[in-house]
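Notes follow once the structure below has been shown.
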Amino acid sequence: MKVLVIGSGGREHAIVDALYRSDKVSKIYCAPGNAGIAAMAECVPVKDTDVDGLLGFASEKGIDLTVVGPEASLSEGVVDAFRAAGLRIFGHTRDAARIESSKEFAKRLMIKYGIPTASYRVFSDYDEAVEYVNSRPFPAVLKYDGLAAGKGVVIAEDAESAREALASMLLDRSFGQGSVVVEDWLEGPEFSFMCFVDGDNVYPMPLAQDHKRAFDGDSGPNTGGMGAYTGLPFISEADRDFAFSEIMCKAASGMKAEGCPLSGVLYGGLMKTADGIKVIEFNARFGDPETEVVLPLLESDITDIFCAVADGRKAASPRWSESVSIGVVLASKGYPGSYGKGAGIEIPEHLSGKIYHMGTAVSEGRLVTAGGRVLMPVCKGATLAEARAEVYKIASQIKCDKLFYRSDIAHQAL
Ligand code: AMP
Ligand code: GLY
């Protein structure tokens, strides 16, 4: 099989790595890829949102399976275009991807199908939004209804900061013409539940936890994610079963009933509150950095599940290792604010574990930084403590004075 992966981050590196382990795959292309992916796949200079360019490339090369990483590609309609051209692709249609791209669509789905989530109201009028927020307890959770590059959620501690955020979203239109979802504030540990989903079948992956804040002790600004691990001791088997049947399966059947069946990964961003497990958000794709710790645990051939979901056929349930895994993100100093690029990186050879590239390039023959999140070493182990010691040993051996990382990944578990 010739396979094309769309995207350029650590998530796509982990997907390419899983495909590379398959006996059925003879050639992998990645558009556009990165310097680490280039060791396993041929990187092609086509942007992940250039639907015509991707379709032209896949047709010309006779690609048997395309796998979509980023949400932006789904929202551009890459799946719709490939299907219309008779090409097999793993990912959701534009309509189905609204479960991530529209907060209001996702909220309505959850209420209609009885999926537990925070209660909410939607506003397009600034004055009405301010009045409602002031009539409720703080903190207030304000979510811009549309894609906002991860900056569309504000947890406002008081009336003044709520007013500021609402003015930016509804008066200044900082992100666009969308409305604002105001929802109740929930409390508890968060975790990520990813499932492969086609219209009727839902195949769970191991649970993972991300670390959104930049610095140790969950302090500092929100980021795309600074590290992840599997093997969450605070989520019981019963919690997981509840999340699977009452959240993930209900969302899948609800989407089918709404006429936009899923055909890719459904990501539940969930919270274990005193009142039970609730949905914070759904994403329509693999999480990043969760994918980098989850896919290394897959023991079956990933092409079987990708092809079955893309074709809408039932697959054999994927097998997962009993091990746990952990990964630490090495990010450019300054991230998630402004940061430099082009700093040299030295990775000693023969390190154990995997090192996924998130934002790297090759310049004049040497590996350099090329993004906010740059590298992610990942280690597996029988216990988290063991894997964690190993992954931090690797992180400390990667030489680059322009990178930083958190030293407390998995602190909620240990
Ligand atoms: P979202 O983009 O919806 O995942 O929100 C980003 C982050 O904001 C989440 O990971 C949570 O930490 C936080 N958050 C979102 N919604 C709520 C809520 N209703 N209550 C408490 N925290 C929330
Ligand atoms: N790790 C969070 C996300 O992928 O959205």
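The numbers here are math on the coordinates, done by the rules we state, and not lab data. As the structure is a prediction and not an experimental result, all values here were calculated from the model. Please note: Cβ atoms are built from the backbone with ideal geometry, for glycine as well, and neighbour counts cover all protein chains shown.
Under a Gaussian network description of the chain, with springs only between Cα atoms under 10 Å, the residue in 267, 229, 20 that fluctuates furthest is 20. The distance from the alpha carbon centre of the stretch 135-204 to that of the stretch 312-353 is 27 Å, rounded to a whole number. Given a cut-off of 31 Å, name the pairs among 2/354; 333/380; 47/103; 27/47; 24/103; 107/341 whose C-alpha atoms lie farther apart than that in the structure shown. In this structure, 24/103; 107/341 exceed 31 Å between Cα atoms.
Shape class for the chain, computed from the alpha carbon gyration tensor (a ≥ b ≥ c): rounded, with a/c under 1.5. Using the Karplus relation 6.51 cos²θ - 1.76 cosθ + 1.60 with θ = phi - 60°, the per-residue 3J(HN,Hα) values for the stretch 257-264 come to 5, 7, x, 9, x, 6, 7, x Hz, with x marking Gly and Pro. Residue ranges 270-279, 321-330, 186-195 sort as 321-330, 186-195, 270-279 when ordered by packing (mean number of other C-beta atoms within 10 Å per residue, highest first). Inter-part distance, the stretch 50-73 to the stretch 243-290, computed on C-alpha centroids, equals 26 Å. Note on the chain: with a GNM built from Cα contacts shorter than 10 Å, the maximum mean-square fluctuation among 106, 39, 243 falls on 39.
Protection proxy ranking, highest mean first, for peptides 387-395, 67-75: 67-75, 387-395, where packing is the per-residue count of other beta-carbon atoms within 10 Å, averaged.
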